[in-house]
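Q: Once you've had a glance at the structure underneath, I'll fire off some questions.
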Amino acid sequence: MAFCAITTLSLSACDLLEPSDIVNPNVDEDTFKNSPNALKTWINGTNSTFATTIGEFAELTEILSDNYFNNSTQGSKVFDFPTLLYTDPDVTNLQRGIGTIREMALNGLNNISKADQGMTSDQELNLRYIEGYSYLLAGEYFVGLPEENGGEVKDWKHNLNKAIDTFNLCLKLADTDSDKAFINTLLARAYYKLGDKQQAVAFSNSALKLSADFVRQVTFDGKNGVENSFQGFIYGMPYGTSYQPLPRLDFLDPKYFQTTDQLEQRPICIAKAEEPYMIIAEAEIADNDLGKAKQTMCQLLGLVKSRPVMKGMNDQVEQRGMGGFKEYPDSSGYRVAASANDSLRAGLVLDRKKPHLVDIPYVSGTSVSEKMIAQCDTQDDLLKLLYLMRQEIFFGEGRRAADLGIRLPLCEVEAANAQAGDYINAQIPSFIPLNQDMDAFTMDKQNMTVVMKYDMNKVIVENKNSEYVAPFFN
């Protein structure tokens, strides 16, 4: 992937770029490296680019899944189907984002730091986990990507193992319990996607012993133009009503919002203590230890209930699709069923029209209760409920499409410079509904009911022994 260290630095305070993105001729790379606080400035720029990359992944992969539907002319119009072509510019941009954060991290580690007379362990950890996260994204979301600039394409398993190697280096740099819990969780996440139950559970347990409630997020800076692009599609005007949530997830939207500050850009979680709990619970379900899994899920539920909620938020500009391609429920009087075979549930849709204000969880939220957990009698029932919790807890964070087994192809630019082979073909499992059916539902205004066409958590469970989903079962 092509990279220029100077031209990709997105830090307004550095003034390396002119407004037209032309390199400032007065600041070449050698001059920058020998300027005061060069490493600190580079790390700030790397963190900013990392944040915007995470935002772009959330924006595009959430509509790729059943979490959101693009109900307007803004943003990708094909990911919802899903149609994933190697010629799609959004595929290229996501791949470019991975390459950029990797190369920025490596340039800071191997180049800028030496010119700036070394770096602290905290600075090295910062850059190293961003490097590792680039491989993690490559392994979770692409059939294959190079792990180095201009390198050979490596399959997704190789990229996940490269992430593991990098995160193991991070463990040696982490000083605080929170940092250690963060890195242990990223390791657990990578091993989970590889289906290595033993290692995933071990790192999950280590994370929770270090911190049972940690949260790690990327942050944005609206004053300096470092924006959460996904926020712009789900909250406010002019485009904040573009993406509509699955009706049974209405109570979680918008996870990213503004209060009184019109420049406010909400952070996005990249790791949190909920994930180790869910990995452990899935391993227990795979072992058919349902009693233990229920205990773990109840502990998880307690953590989710302790997370903050934005109370009294004004979301009255939201019209739930009026004027879009399709209308969505907009009243708490609606009851929602996950499929035609599921019972109707109340409390999933909120009143947003004047004079109503809404309460939205912005770290984690779930509609699951202890009673629902207790009522699960079979392995499949409990696994389906756990995947509902995964969907709700990771909502808006760009994690759902990976749980559905969807992977993006190698982009056209990269394919021209490599042995592309089958890497130019996306991975869309045969059980994924096409033609926007993941987002389809019927709404009865008279009876105030909404019925989803597909319960994708049920679909995951029905295909748990395939190579694509539920990694502890295949």
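The values are calculated or read from the model by the stated rules, or taken from the named source; none is laboratory data. Computed from a predicted structure; not experimentally measured. All Cβ positions, glycine included, derive from the backbone under ideal geometry; neighbour counts span all protein chains shown. Each accessible area value is taken on the protein alone, full model and side chains, heavy atoms only, with ligands, DNA and RNA left out. Shrake-Rupley method; radii C 1.70, N 1.55, O 1.52, S 1.80 Å.
Q: Tell me which of these TYR328 doesn't satisfy, since it passes every other one: (1) farther than 18 Å from TYR362 by Cα; (2) of a type in the set (Phe, Trp, Tyr); (3) part of a helix (DSSP H, G or I); (4) in contact with a Pro (Cβ under 9 Å, 6 or more places away or on another chain).
A: The single condition TYR328 does not satisfy is (3).
Q: Okay, next question. Among the residues of segment 375-416 satisfying the criterion of being assigned to a loop (DSSP other than H, G, I, E, B) and open to solvent by 50 Å² or more (accessible area, probe 1.4 Å), which is nearest to PRO146 (Cα to Cα)? First the steps, then the outcome.
A: Step one: of segment 375-416, the residues assigned to a loop (DSSP other than H, G, I, E, B) are 375-378, 394-399, 404-406, 409-411, 416.
If we keep only those that are open to solvent by 50 Å² or more (accessible area, probe 1.4 Å) too, we end up with 375, 377-378, 416.
On the way: GLN375: 46, ASP377: 45, THR378: 42, ALA416: 13 Å.
Here the residue is ALA416.
Q: If you go through segment 84-130, how many residues are part of a loop (DSSP other than H, G, I, E, B), surrounded by 15 or more Cβ atoms within 10 Å (Cβ to Cβ) and either within 24 Å of the chain's Cα centre (by Cα) or modelled with pLDDT of 95 or more (or both)?
A: 4
Q: Also, I was wondering about something else. Take the conditions under 20 Å from the mean Cα position of the chain (by Cα) and among the aliphatic types (A, V, I, L, M) and apply them to VAL218. Does it pass?
A: Working: under 20 Å from the mean Cα position of the chain (by Cα): yes; among the aliphatic types (A, V, I, L, M): yes.
In short, yes.
Q: Of the conditions (1) within 14 Å of VAL450 (Cα to Cα); (2) among the charged types (D, E, K, R); (3) in contact with a Lys or Arg (Cβ under 7 Å, 6 or more places away or on another chain), ASP342 clears all except one; give me its number.
A: Going through (1) within 14 Å of VAL450 (Cα to Cα); (2) among the charged types (D, E, K, R); (3) in contact with a Lys or Arg (Cβ under 7 Å, 6 or more places away or on another chain) one by one, ASP342 breaks only (3).
Q: Still on this model: Contact list please: Cβ distance under 7 Å, first residue in segment 121-140 and more than 13 Å from ILE183 (Cα to Cα) and without any contact (Cβ under 8 Å) to a residue 40 or more places away in the chain, second residue open to solvent by 10 Å² or more (accessible area, probe 1.4 Å) and hydroxyl-bearing (Ser, Thr, Tyr), pairs at least six apart or on different chains.
A: Correct list of pairs: empty, since none qualify.
Q: Pull up segment 47-74, narrow it to residues that are crowded, with 21+ Cβ neighbours inside 10 Å and among the small types (Gly, Ala, Ser), then point me to the one that is nearest to the chain's Cα centre (by Cα).
A: The residue in question is ALA58.
Q: Hey, another quick one. Mind checking which pairs have a first residue in segment 71-88 that is free of Cβ contacts under 8 Å to residues at least 60 places away in the same chain and a second that is among the β-branched types (Val, Ile, Thr) and open to solvent by less than 20 Å² (accessible area, probe 1.4 Å), Cβ under 9 Å, 6 or more apart or different chains?
A: Once the first residue is free of Cβ contacts under 8 Å to residues at least 60 places away in the same chain and sits in segment 71-88, its partners that are among the β-branched types (Val, Ile, Thr) and open to solvent by less than 20 Å² (accessible area, probe 1.4 Å) give SER76/ILE63; PHE79/THR61; PHE79/ILE63.
Q: For ASP177, are the conditions met, namely being open to solvent by 10 Å² or more (accessible area, probe 1.4 Å) and closer than 30 Å to TYR423 by Cα? So that I can check it myself, show each step before the final result.
A: Working: open to solvent by 10 Å² or more (accessible area, probe 1.4 Å): yes; closer than 30 Å to TYR423 by Cα: no.
No, not satisfied.
Q: When you check ASN44 against the structure, is it at pLDDT 70 or above and surrounded by 15 or more Cβ atoms within 10 Å (Cβ to Cβ), yes or no?
A: Criteria met by ASN44.
Q: Report the residue count in segment 417-457 for those that are farther than 21 Å from THR83 by Cβ, of a type outside the set (Ser, Thr, Tyr) and open to solvent by 80 Å² or more (accessible area, probe 1.4 Å).
A: 5
Q: Is one or more of the residues making up segment 109-125 touching a Ser or Thr at 6+ places or on another chain (Cβ under 7 Å) and among the small types (Gly, Ala, Ser)?
A: No, every residue in segment 109-125 fails to be touching a Ser or Thr at 6+ places or on another chain (Cβ under 7 Å) and among the small types (Gly, Ala, Ser).
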